[in-house]
Structure formats: C-alpha cells, structure tokens
1. With respect to R559, determine if the residue is under 34 Å from the mean Cα position of the chain (by Cα), under 30 Å from G255 (Cβ atoms), outside any helix (DSSP H, G or I) and at pLDDT 95 or above.
2. State yes or no: is D672 surrounded by fewer than 17 Cβ atoms within 10 Å (Cβ to Cβ), under 16 Å from I590 (Cα atoms), over 27 Å from the mean Cα position of the chain (by Cα) and not hydroxyl-bearing (S, T, Y)?
3. Evaluate the following for S583: is it hydroxyl-bearing (S, T, Y) and either farther than 19 Å from T252 by Cα or touching a residue at least 12 places away in the same chain (Cβ under 8 Å) (or both)?
4. Please go through segment 155-181 and pick out each residue that is of a type in the set (K, R) and either at positive phi or in a loop (DSSP other than H, G, I, E, B) (or both).
5. Within segment 328-335, can one find any residue that is open to solvent by less than 10 Å² (accessible area, probe 1.4 Å), touching a residue at least 24 places away in the same chain (Cβ under 8 Å) and in a strand (DSSP E or B)?
6. Criterion first (among the polar types (S, T, N, Q), in a helix (DSSP H, G or I) and either modelled with pLDDT of 95 or more or surrounded by fewer than 20 Cβ atoms within 10 Å (Cβ to Cβ) (or both)) does Q589 satisfy it?
7. Does V113 meet the test of being β-branched (V, I, T), in contact with a Ser or Thr (Cβ under 8 Å, 6 or more places away or on another chain) and touching a residue at least 40 places away in the same chain (Cβ under 8 Å)?
8. What do you reckon, is L356 over 25 Å from V109 (Cα atoms) and either open to solvent by 10 Å² or more (accessible area, probe 1.4 Å) or out of contact with any strand residue (DSSP E or B) (no Cβ under 9 Å at 6 or more places or on another chain) (or both)?
Amino acid sequence: MYRLNFISLLAISALTACGGGRSTTDTAPMPPDTESETESTYRAEIVRTAYGIPHITAADFGSWGYGYGYVHTQDNLCVLAEDLMTIRGERARYFGRDGTHEIVPNGSVASNVDSDFFWKFMATDEAISPMRDNSDPEALAASRGFVAGYNRYVRELRAGQHPGRHASCADAEWIGPITEDDIYRRYYRLALIASSSVFVEGIASAEPPSASNPPLAAATPEQIAGLDRSDFPLAEGLPIGSNMYGLGPEATVDGSSMLFGNPHFPWSGTERLYLAHAILPDTNMMGASLYGVPAALIGFNAHFAWSHTVSTAYRFTFYELTLSPDDPTTYLYDGELRPLEATEVNVDVLEADGSLSRETRTLYRSHFGPMIEFQVSGVPVLEWSTAKAYTLRDANAENDRLMNQFFRWNRAKSLDEFIELHGSVLGVPWVNTVATGPGQAAYYGDVTVVPNVPDSKTQNCGAIPLHEAFQQLVPGLPVLDGSRAACEWDSDEDAPAPGIFGPANLPSMRRSDWVHNCNDSYWLSNPDAPLTGYAAIIGDEDTERSMRTRLCMLQVMRRLDGSDGLAGQKFSFDQLKQIVLDSQVYTAQIARDDVLNAYCPFGTLLGSSGPVNIADACTVLGNWDMKNNLDSVGGHIWREFIRNVGASPATWQTPYASSDPVNTPRDLNVLDPTIERAFADAVQMILDSPFALDAPMGMIQHSGVHDPIPIFGGEGFEGSFTIANARGTGLSENGYEITYGNSYIQAVTWDPQTGQPHAEGFITYSQSTDPASPYFQDLTQAYSNKSWIQLPFSAQALSAAEQLGRYTLSE
C-alpha cells in the first residue's frame, strides 16, 4: 500500500515559460489519499524550490533514498533506465546488433554486443557483492529506498498518471522495475570509469589464439612508441575535467573561507549531475551527484564544503603473462603453471528481422583480472599470442569502500572529520578533492585508490620492452611482469585494503591562503609549495602545466596581488563568482598581440589553399576583449587558429622552465611558417562558414541539448577556464553546439554571524533530461544569463525561498 498526500502543488508552467523551456506541468491526477493502518516503510516530504531543486526531509536514510529515487526518476527516467539496462548487458537485446554505445566520460565506444559481453563478464554478482556486503547501513538503506522510489514512479507512469512525460521511453519494453543489484552495478560502473571500462571492446573480445583465430604479428616497442599519443587510451587523461579552488581566510576579504567547484562533464548521459538537499535528524547536506547515486558527491553543509577534479593517477596496471608453449590459456607464475579462469557468457541479440538470437563467448581471467587485447591505429598494442598475453588488475574493481566514503562524508560534523575520513576510508575512486570550512584552512588531497606500485617496483618489474614503449605514450602507467609474485602490488600499513597506497604515500596539503586543482597533477596545488616525491603512477612533477591550469593559478595570483583590475587584493564572494565565469582566454593574453604585430601589416597571408585576406580579421581581433562571453567578438577566429596550431614544442620560443612553471612556455613563434599558415587557414575557415568575422560568441555558440540557448566559455586547449566544448564537431554549420563543459557549479562561503553556508550555483544543463519537464532548460537559461541562483540550505532560507511544490510520499 502506498499513499501520496499533496499538501500543495503550485502551477508552474507559467513560471517556466518565461525561461524559454519546453514544458508541461507534472500535475496529473494522483492516487487517492488512502490511509493505511500499516506503518509505512518509507516516508519523505519533498519541497521543490526554484528550478526544480528537491529538498527532501526524512526520518532515516531509507526514506531519504525513497524520496530521492522518486524525484530523480521523475526528472530523468529514460537516461538512467537506459544506463541500468546497459550495465545488465541488455543493449543488443533491445537495441539490436548494429548499434554502438559510448561511455562518454572515458570515450570508450563499443558495439552493443561487445558492451553486453563486457558488462555481463565484469559486473557479476561476485563483482558487486563486496561493495553491497561491506557498505554502511546508511548506504544500504538509501540504496534500497532509491529502488523503491524509482519503482513507484515507474508504476505510476505505467498506470497513466504522468501523461506526456518521458515520451522517448515511456512505452519501451526495457522500462520496468529495478532491483538493488541494478543500483550496485551502477556504483560499480562509476568506479570503473577511469580503468577497466576504458577497454570495453578489448576485454569483451579477447580470445586465445587458435587455428580459427591466428594471432597478429606482435607490435615492436618502436611501433608502439611511435603511435600518435592522442589516439592512445588515457594518454591525454580522461576526456572529462574540472576546476576547483579552496580559499582560506588569508585569501578572503572577511576571512570566511570560500570554495568553488565546477566539474566539466558531459551534458548528456548518466554522468550529468543532479542537485538535491538531504534533511535528516542528524544530517543536513546539499549537493550534486551523478545519476542514480543517492548521496552528495560534491556539496556543502554548515561545517565544510568540497569539490572534486579528475586526478592524473592511474587506477590499474597491465601485466604481461608468459604462456605455456603447449596451451595459451595457461601462464607461468613463480615457476608454476596456472590455468586462466574461463567463463562462458551469453548475450541475446535482436536481429534485423525482429527475431532474437543468442551469442556465446568464452572470456578469460587471470588471478590479476580480465584478459585484454587492443589495437591503436591498427597496431596490435596488446596481443594474445602463443607466447605472451596481457591482463589487467583494476584497483577500483576491488574498491568496496566507495559508497561508505560519500555517506560518511555526508554525515561528517567538521572539516577535520572530513579530512580524516578521506584517508581512513580511502574510497574515492578517481578524483582529487578540495575542501574548506568557515574560517578554516583550505585542504587539497589526491587521496584516492591507486595501485601500490612505487617507482622501485616499476624499475624492477617493468624491465620489459613493452613497459618502456608505454612510457613514451602514457608515462607512469606500468606494464609489469606477471610471471613473478614479487611484481604483485605492495601494501601499506595505513591503507584500508591491500594493494593500494595508504594516505601517507598520497599527496595532500592544508594552507591558510589557497589551493586548487584544474586537472594537472598534484604537483603545483599551490605554486609556493610544490608537492614532490610521489610515485609516478600518481602523477608527474616538474612538468609543463596545461594552459587552463596556468590560467587557473593566475586568476588567484592576480586577485591576491591586485593585478586583475578588481578592487582590493583579496577575494570577495562576488569577485569569486565574477572571475570563475569571466571566460578569459589565456593563449590570447600571451600571444594575441604577437600575432597582430607579426601578420597584420601584410594584409594577406598564404594559407593552405592560397592567399587569404586577413585585414578584417585583424581589425576584429584587435578589438576583441580576449574573452568568450556572449557579447565578445573575435573568439571564434582565435579558437580555430589555436586549434590549427596544435601542440608542438616548436610553438613557443621560451620553453618550459622549472623556475617559472606558471608562466612558461610562452612567446609564440610567429616566424614559424606553419603557425602563419595556421592563422590564414583559421581566417579562411571563418570566411567560408555561415558566421561573420565580427559575429558575437552568443550568436555562434549554444547548447547542443536544448533549444538554442547561447552559451559563453571556451575550450581547454585555447586556455579557457570557463569551459564550453562542442566535443567532436568544432565549428559546424550550426556553430559551436555545446555538449560538454561546465556542469554543476557551486560557490560556497559562510555567514560570519550565523555560521550558516551561503551557496550559489547552477546546473548548467538543468535538472531534467525530459523535454516535457518544467525543469528541462530553465537553469540553462539562468546560466546563459550568468544569473547565479541561491541554493537555500538553512531552515530560514528554505522557508523564504519560492516553493513550487510540496508533497509527502509514503509507502
């Protein structure tokens, strides 16, 4: 028996229409208000404030998860359901043999069939049971409640109670009730984003050599080292990123401390972030989570705030196996032969004629993990031959502490407790962390799940040709000798599990001024105090930083020395908000004038297809404010120029210097004819496009997932801090169609008088993926306008906030 008691539900279509959203209200008739003598298992009160932010009050974590599961499904059913179906290994069953699936945050693309084999082989009951069995009661209860809330909404939808909603999937065969195992598979999938799931196709199709499957000729180390680094998995890191600042009391006007967090994640799929507020007797936490996770993964409360960025550390290692000459499914380990574990996996496939067929593969594991083969640009990098084969050990496949980390953080009562839990639980899978609290020092830590492979072990166990070749493409990623027990991962006494580094061997710092991370390694978390001496598998030291990271540091340094043109020499909260959305372009700051001075006096340059008149482009760039705000004019010319230039050591005349890592390399080599041609070609590209040289960015760049809402910002390669990325398309006939970039944004400080957090932010792509929802693009419009929204946290703030709906769910 379940009961829905609406206290009030305001008509909201008129409120959202002014934001340009395609919307319908969710005010279909509800089940009758039925009283039951049976005590409810779940009961949650939900208040929706502006832009659909749910504030969920519950007496326990099970009820919190129930309310969260209901509203999250109400907003995002189709996207989450498809992902859960994918992890069950059912894509080919419902979408057919010919389709493909991309895991957007790691760039892995595989056929539906290969995707199904991968997940059925990897996300088994045995794989997910350690996390389920070892999770805290709060995590178990919230997960169980989430499933109940999800299933309730699906029942209502199937009963016709939400007409017009979720049109793309409402009648699909794959929409139905889910189980707790589905949610734990979802957690497992999130844990593997930076590791095994990068290699879906390589694991799903690995098979031993046979008469019907003769091995390819093994690639030489020289062939592998000569590959294009950008084509190699993870050589450029994950294709997701983030920015974050922690500002201590020495860096702020009122000494209150501040935090800014901003993941750069896809605008589609389940790695979008969803904002919610949990109000429980002993927990009051607000923040955002990836779809399907009933906990704040980034957030704030009265005691602290935190955010994450993608870390440079590797979460796995490859092992090279020496095979028995008589059997390619048997390998040598410390002088003895071991058989690989064979698993028969079955996948149902929807054929073109509508029939179902079944495909079977035998996939293999060593004691390290799954067997793997993969090619890069046709070169068999890891090939299963009669002599050698390759396997992968994944530290996050063994991470049963993932949910405990975030549920314990959500319940923590101080910044000190937050920091202690970071190291003692050590369940963060693949992200750096920055945190601070009211008037407290700023904290940074890459305290994450990393294979315990110190450099000394790499030198000993990586003494194989393939390892040395890998270091040319993916420095720090080991390929270890799998024939010796001595090459197993080490264990630290302070680590909560064997095989990973403990917190004493992972980089962290606390400072009263500031810390940051913008996706380069831990090394310059604060340039005045470099972090050094850590294993190469965690990250690099004393190496060139990205253009985005350099601007990331410079924005703070310029604020603190007053050279940014703003008032004073410390951060006010309004200045922090202004700076992080300012859309500056760092490469333009260090090279625009050199380009204008070197090329513009000629009026014409020779491009790849002939002479190009650059005079008008020079005028536009000379007047450009070197930003990518909506009214900025000229940014598209510069972006295409820098895209053409690429990343070559010859680009800059002053090379990287350890003595000045924030400001080097610099001085564009404008005498290089390839750079001159890059500029001419960029101008010609714009002349050939539908967009004028003097078109403002707001007329060129817009959301790629909504109605054409203009979006400010730029791309990392040009040195943008404020990220808007038309991933995979560049400047198309429709302009820059943004499908990735700034996502959940939070700026947090604390009121010195009340101690309560003051937080403002955005969900840049809005709360809902359903075009029929009133929350489909309303927040995107606010973001386009740079209209920061307050995130009501305290009881007083929530009471004063505009409430679009209030209702109680029980079951």
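The values are calculated or read from the model by the stated rules, or taken from the named source; none is laboratory data. Quick caveat, the model's predicted, so the values are computed rather than measured. Reconstructed Cβ throughout: ideal geometry from the backbone, glycine too, with neighbour counts over all protein chains shown. Note: areas computed on protein heavy atoms with side chains; ligands, DNA, RNA excluded. Shrake-Rupley method; radii C 1.70, N 1.55, O 1.52, S 1.80 Å.
1. Numbers: under 34 Å from the mean Cα position of the chain (by Cα): yes; under 30 Å from G255 (Cβ atoms): yes; outside any helix (DSSP H, G or I): no; at pLDDT 95 or above: yes.
It is false that R559 is under 34 Å from the mean Cα position of the chain (by Cα), under 30 Å from G255 (Cβ atoms), outside any helix (DSSP H, G or I) and at pLDDT 95 or above.
2. Details: surrounded by fewer than 17 Cβ atoms within 10 Å (Cβ to Cβ): yes; under 16 Å from I590 (Cα atoms): no; over 27 Å from the mean Cα position of the chain (by Cα): yes; not hydroxyl-bearing (S, T, Y): yes.
Taking the combined requirement at face value, the residue does not satisfy it.
3. Spelling it out, S583 is indeed hydroxyl-bearing (S, T, Y) and either farther than 19 Å from T252 by Cα or touching a residue at least 12 places away in the same chain (Cβ under 8 Å) (or both).
4. As a first pass, look at segment 155-181 and keep what is of a type in the set (K, R): 155, 158, 165.
Within segment 155-181, R165 is the sole residue that qualifies.
5. Looking only at segment 328-335, we keep the residues that are open to solvent by less than 10 Å² (accessible area, probe 1.4 Å), and these are 331.
Those still in the list that are touching a residue at least 24 places away in the same chain (Cβ under 8 Å) too: 331.
Next cut, in a strand (DSSP E or B) only: 331.
Yes, that holds for at least one residue.
6. Values: among the polar types (S, T, N, Q): yes; in a helix (DSSP H, G or I): yes; either modelled with pLDDT of 95 or more or surrounded by fewer than 20 Cβ atoms within 10 Å (Cβ to Cβ) (or both): yes.
Spelling it out, Q589 is indeed among the polar types (S, T, N, Q), in a helix (DSSP H, G or I) and either modelled with pLDDT of 95 or more or surrounded by fewer than 20 Cβ atoms within 10 Å (Cβ to Cβ) (or both).
7. Taking the combined requirement at face value, the residue does not satisfy it.
8. Working: over 25 Å from V109 (Cα atoms): no; either open to solvent by 10 Å² or more (accessible area, probe 1.4 Å) or out of contact with any strand residue (DSSP E or B) (no Cβ under 9 Å at 6 or more places or on another chain) (or both): yes.
Spelling it out, it is not the case that L356 is over 25 Å from V109 (Cα atoms) and either open to solvent by 10 Å² or more (accessible area, probe 1.4 Å) or out of contact with any strand residue (DSSP E or B) (no Cβ under 9 Å at 6 or more places or on another chain) (or both).
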